[in-house]
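**Student:** Take a look at the following structure, please.
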Amino acid sequence: MENKNTITYYLVVLSLFLIPIVYFKTYVGPIPLSIEIILIPLVTLAAIYEFLKGKIRLNDFKVLPLALAFALFFIISAISVIHAVDLKSAVMEIARYLSYVVLFLIVAKVDFSKKQYLGFGLAFGAAVVIIGAFGIIQYIFGISLNTAGLYALQEAKGRVDSTLVNPNYYSAFLNYIIPTLILLSVVYFKNRTVQLLIFAVYGIYVVNVILTYTRAAWVTMACAFILMVLLIPKQFLKNVIKPHIFISFVILITVVFFLPDFQSRANSALYAIEKLLPSGVSLNIAKGDPEDLEGDDGELLEEEDEIEDATTSRAVVSRTTLWKTGWFMLRDNPVLGVGMGNYTANYKEYVEKYPELYIGHDSYSVHNSYLKVGAETGFIGLAAFLLIYIMYFLTLIKLYFKQNLLGKVLAIGLFVGSVCYMVQNLSNNLIFIPQLNVTFWLTAGLMLAFLHKNKQEQERIHF
């Protein structure tokens with residue numbers, strides 16, 4: 001018997017729609033207040049109340065391995081607080097972490113019906129469409145565009161961040177969603193109109209990724225596309241050559257190619273990768289022969305290339321210096337780190353202790369989630385933290401088998417999107433951005449639970 005729509009269901013629907021779209025942060029005294037801080041306790045209280053009243057029931061999805069990994073990292077984080085110089089930041093960071101865990105466990109364990117999962121998909125899908133459309137509108141009309149990092153861009157008006165506050169955060173959200181969108185369009189749906197509608201949303205998201213001008217996101221998106229095709233080659237390649245899909249790709253690629261600063265920024269992205277590669281390794285990026293350029297235009301192009309290279313080199317040096325700061329903090333505090341949430345509180349001390357780490361700021365993010373975790377909780381904490389994601393991916397892989405086409409599409413989309421999310425955490429602290437991380441664990445929990453239900457149904461069909 002399917003569950004009736006409960007308060008828990010409606011609050012989860014509300015969370016899927018509002019958390020990615022609505023951003024606000026204020027304080028009630030010392031307590032921060034935001035949309036997720038309001039909704040997560042409401043979901044938790046509703047789920048506990050309705051479970052005790054028998055209005056919702058739990059499924060038999062085995063989340064114990066993940067729960068134990070979550071618990072291990074929580075224990076290590078709590079112990080690390082003994083080294084914290086900023087106790088308030090430590091407590092707030094642990095509280096945020098627990099909120100993600102509780103929300104994930106609730107949506108993964110409540111036995112929702114197939115119809116309710118469809119409702120979740122429609123709610124989140126509506127949010128996805130609104131976010132992507134607003135990103136395009138934001139760029140066209142110049143609405144609150146982010147101007148950080150525009151020193152290397154000649155044509156762009158600004159960087160799009162839509163409802164995700166920061167272009168880097170937004171690009172990570174886009175890359176998390178994009179694999180599922182394209183798989184639904186090309187592989188799963190057969191109706192041409194539906195395929196083209198979903199492809200249009202996919203195309204809007206690709207354009208949004210370009211307009212964030214986040215080079216790491218561009219490279220991640222390209223690599224994710226290759227990984228996705230490799231995971232489901234037969235169905236993808238069979239459908240992609242159909243005229244309406246093939247023409248759609250050609251149109252999209254043409255649009256992307258002529259977007260402002262795309263060509264120079266793409267070259268800059270490759271140049272940045274080359275700078276990060278070991279000494280002596282080259283991507284053989286063609287800069288063009290100055291002798292082939294004629295007159296003043298040639299001199300101008302050569303000068304712009306030099307400016308682009310210089311700014312890219314400075315960005316790479318700045319980012320690697322920030323990573324080095326995180327590494328020094330981890331190296332000097334290998335067991336328990338400097339305390340959960342205390343990287344920023346220790347930053348100034350470290351740039352004073354090691355002057356080569358100073359980049360002109362008394363406080364700055366490490367721009368790498370894994371180094372942040374290591375610096376704050378030590379090698380043991382970092383290992384426990386990585387164990388969470390190892391268990392997550394193992395659970396997802398295990399669920400992939402015995403799925404129907406929809407299940408396989410969703411599993412591969414979630415897998416590739418999650419890989420993108422993990423990769424972009426190498427260059428940003430995305431795991432510590434509440435709006436983004438809540439969206440990740442909320443959607444991942446629902447998707448895993450749906451795949452579990454779908455797998456059970458497939459097993460019964462083939463029994």
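The values are calculated or read from the model by the stated rules, or taken from the named source; none is laboratory data. Note that the structure is a prediction, hence the values are computed from the model and not measured. Cβ coordinates were reconstructed from backbone atoms using ideal geometry, including for glycine residues, and neighbour counts include every protein chain displayed. These accessible areas exclude ligands, DNA and RNA; they are computed on the full protein's heavy atoms, side chains included. Shrake-Rupley method; radii C 1.70, N 1.55, O 1.52, S 1.80 Å.
**Student:** Quick one: which of 251, 226, 241, 247 is modelled with pLDDT under 95 and surrounded by fewer than 17 Cβ atoms within 10 Å (Cβ to Cβ)?
**Tutor:** On the way: 251 fails: modelled with pLDDT under 95; 226 fails: modelled with pLDDT under 95; 247 fails: modelled with pLDDT under 95.
Of 251, 226, 241, 247, the one residue that is modelled with pLDDT under 95 and surrounded by fewer than 17 Cβ atoms within 10 Å (Cβ to Cβ) is 241.
**Student:** With crowded, with 21+ Cβ neighbours inside 10 Å, in contact (Cβ under 8 Å) with a residue 24 or more places away in the chain and in a helix (DSSP H, G or I) as the only criterion, which of 195, 235 stands out?
**Tutor:** Numbers: 235 fails: crowded, with 21+ Cβ neighbours inside 10 Å.
Result: 195 is the single residue among 195, 235 that is crowded, with 21+ Cβ neighbours inside 10 Å, in contact (Cβ under 8 Å) with a residue 24 or more places away in the chain and in a helix (DSSP H, G or I).
**Student:** Any idea which of 130, 94 is part of a helix (DSSP H, G or I), farther than 18 Å from residue 435 by Cβ and among the β-branched types (Val, Ile, Thr)?
**Tutor:** Numbers: 130 fails: farther than 18 Å from residue 435 by Cβ.
Only one candidate passes the filter, namely 94.
**Student:** Among the residues of region 59-70, is there at least one that is surrounded by 14 or more Cβ atoms within 10 Å (Cβ to Cβ), more than 24 Å from residue 395 (Cβ to Cβ) and over 22 Å from the mean Cα position of the chain (by Cα)? Outline the logic, then answer.
**Tutor:** First, the residues of region 59-70 that are surrounded by 14 or more Cβ atoms within 10 Å (Cβ to Cβ): 59, 61, 63, 65-67, 69-70.
Add one more test, that the residue is more than 24 Å from residue 395 (Cβ to Cβ), and what stays is none.
No, because not a single residue in region 59-70 is surrounded by 14 or more Cβ atoms within 10 Å (Cβ to Cβ), more than 24 Å from residue 395 (Cβ to Cβ) and over 22 Å from the mean Cα position of the chain (by Cα).
**Student:** State which residue is surrounded by the most Cβ atoms within 10 Å (Cβ to Cβ) when the search covers only region 358-381 and only residues that are more than 16 Å from residue 79 (Cβ to Cβ) and β-branched (Val, Ile, Thr). Write out each step before concluding.
**Tutor:** From region 358-381, those more than 16 Å from residue 79 (Cβ to Cβ) are 358-372; that's our starting set.
Remaining after also requiring β-branched (Val, Ile, Thr): 359, 366.
Details: 359: 14, 366: 26.
The residue in question is 366.
**Student:** Something else: Residue 133 - would you say it is at pLDDT below 95, hydrophobic (A, V, I, L, M, F, W, C) and over 20 Å from residue 441 (Cα atoms)?
**Tutor:** Numbers: at pLDDT below 95: no; hydrophobic (A, V, I, L, M, F, W, C): yes; over 20 Å from residue 441 (Cα atoms): yes.
For residue 133, the condition - at pLDDT below 95, hydrophobic (A, V, I, L, M, F, W, C) and over 20 Å from residue 441 (Cα atoms) - is not met.
**Student:** How many residues are hydroxyl-bearing (Ser, Thr, Tyr) and farther than 16 Å from residue 423 by Cβ if we restrict to region 367-413?
**Tutor:** Residues flagged as hydroxyl-bearing (Ser, Thr, Tyr) and farther than 16 Å from residue 423 by Cβ within region 367-413 amount to 3.
**Student:** Here's another thing I want to ask about it. Looking only at region 3-45, count every residue that is among the basic types (Lys, Arg) and without any contact (Cβ under 8 Å) to a residue 12 or more places away in the chain and tell me the total.
**Tutor:** Initial filter on region 3-45 (among the basic types (Lys, Arg)): 4, 25.
Still in the running and without any contact (Cβ under 8 Å) to a residue 12 or more places away in the chain: 25.
The total comes to 1.
**Student:** Here's another thing I want to ask about it. Filter region 42-90 for residues that are in contact with a helix residue (DSSP H, G or I) (Cβ under 7 Å, 6 or more places away or on another chain), assigned to a loop (DSSP other than H, G, I, E, B) and either of a type in the set (D, E, K, R) or under 28 Å from residue 11 (Cα atoms) (or both) and give the result.
**Tutor:** 56, 59, 61, 63, 86, listed by residue number.
**Student:** A follow-up question, please. Out of everything in region 337-357 that is among the aromatic types (Phe, Trp, Tyr) and buried (at least 23 other Cβ atoms within 10 Å of the Cβ), what residue ends up being nearest to residue 384 (Cα to Cα)? If you could, list the steps in order and put the result at the bottom.
**Tutor:** Initially, region 337-357 is screened for residues among the aromatic types (Phe, Trp, Tyr), giving 343, 347, 350, 354.
If we keep only those that are buried (at least 23 other Cβ atoms within 10 Å of the Cβ) too, we end up with 343, 347.
Details: 343: 18, 347: 24 Å.
Looking at the filtered set, the residue picked out is 343.
**Student:** So, one more: Within the group 400, 421, which residue is in contact (Cβ under 8 Å) with a residue 40 or more places away in the chain and under 19 Å from the mean Cα position of the chain (by Cα)? Write out each step before concluding.
**Tutor:** Numbers: 400 fails: under 19 Å from the mean Cα position of the chain (by Cα).
Criteria check complete, one pass: 421.
**Student:** Follow-up. Go through region 1-36 and count every residue that is assigned to a loop (DSSP other than H, G, I, E, B), among the β-branched types (Val, Ile, Thr) and within 23 Å of residue 433 (Cβ to Cβ). Please lay out each step first, then the result.
**Tutor:** Narrowing region 1-36 to residues assigned to a loop (DSSP other than H, G, I, E, B): 1-6, 22-25, 29-30, 34.
Narrowing the set further to residues that are among the β-branched types (Val, Ile, Thr) leaves 6, 22.
With the extra rule that they be within 23 Å of residue 433 (Cβ to Cβ), the set shrinks to 22.
Adding up the residues that qualify gives 1.
**Student:** Is it true that residue 393 is of a type in the set (A, V, I, L, M, F, W, C), without any contact (Cβ under 8 Å) to a residue 60 or more places away in the chain and under 23 Å from residue 181 (Cβ atoms)?
**Tutor:** On the way: of a type in the set (A, V, I, L, M, F, W, C): yes; without any contact (Cβ under 8 Å) to a residue 60 or more places away in the chain: yes; under 23 Å from residue 181 (Cβ atoms): yes.
Here the answer is yes, as residue 393 does meet what is asked.
**Student:** Return the pairs, sorted by first residue and then second, in which the second residue is open to solvent by 20 Å² or more (accessible area, probe 1.4 Å), the first residue lies in region 64-84 and is farther than 15 Å from residue 375 by Cβ, the beta carbons are less than 6 Å apart, and the residues are 6+ apart or on different chains.
**Tutor:** Listed pairs, sorted by first residue: 65/391; 66/391; 69/387; 69/391.
**Student:** Condition check: outside any helix (DSSP H, G or I), buried (at least 24 other Cβ atoms within 10 Å of the Cβ) and among the polar types (S, T, N, Q). Does residue 144 satisfy that?
**Tutor:** Details: outside any helix (DSSP H, G or I): yes; buried (at least 24 other Cβ atoms within 10 Å of the Cβ): no; among the polar types (S, T, N, Q): yes.
So residue 144 fails the test.
**Student:** Taking residue 132, is it in contact (Cβ under 8 Å) with a residue 12 or more places away in the chain and open to solvent by less than 10 Å² (accessible area, probe 1.4 Å)? Break it down stepwise before answering.
**Tutor:** Numbers: in contact (Cβ under 8 Å) with a residue 12 or more places away in the chain: yes; open to solvent by less than 10 Å² (accessible area, probe 1.4 Å): yes.
So residue 132 fits the description; yes.
**Student:** Related question: State the number of residues belonging to region 1-21 that are at pLDDT below 95 and within 18 Å of residue 124 (Cβ to Cβ). Steps first, please.
**Tutor:** First, pick out the residues of region 1-21 that are at pLDDT below 95: 1-5.
Checking the rest, the ones that are also within 18 Å of residue 124 (Cβ to Cβ) come to 5.
Count: 1.
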